[in-house]
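Working notes, structure below.
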């Protein structure tokens, strides 16, 4: 199987956002280093799984890697290189 093209960017969990409604999921706000100022923050559900399949959550100020992957047919060659 061919590996998907990907980019990895460092980030930091800026804060954990508790839901107003207890039925809603907790969110982690992550700042992506090197992103444009207006687009540097993302919020994701604070629910991960470790390599043994255990449910875990991110902590505030944790260092994370943001991985963007694409199918090869969704990419084009970079002519600038």
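Computed values, structure above
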{"quantity": "Whichever residue in the range 52-81 is within 14 Å of residue 10 (Cα to Cα) and in a loop (DSSP other than H, G, I, E, B) and, among such residues, is farthest from the chain's Cα centre (by Cα)", "calculated": "61"}
{"quantity": "Filtered residues of the range 18-51 (kept if in contact (Cβ under 8 Å) with a residue 12 or more places away in the chain, assigned to a strand (DSSP E or B) and loosely packed, with under 14 Cβ neighbours inside 10 Å)", "calculated": "43, 45"}
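Bear in mind these aren't lab numbers, they're just calculated from the coordinates by the rules spelled out. As the structure is a computational prediction, the values presented were derived from the model and not from experiment. Cβ atoms come from the backbone with ideal geometry, glycine included; neighbour counts cover every protein chain shown.
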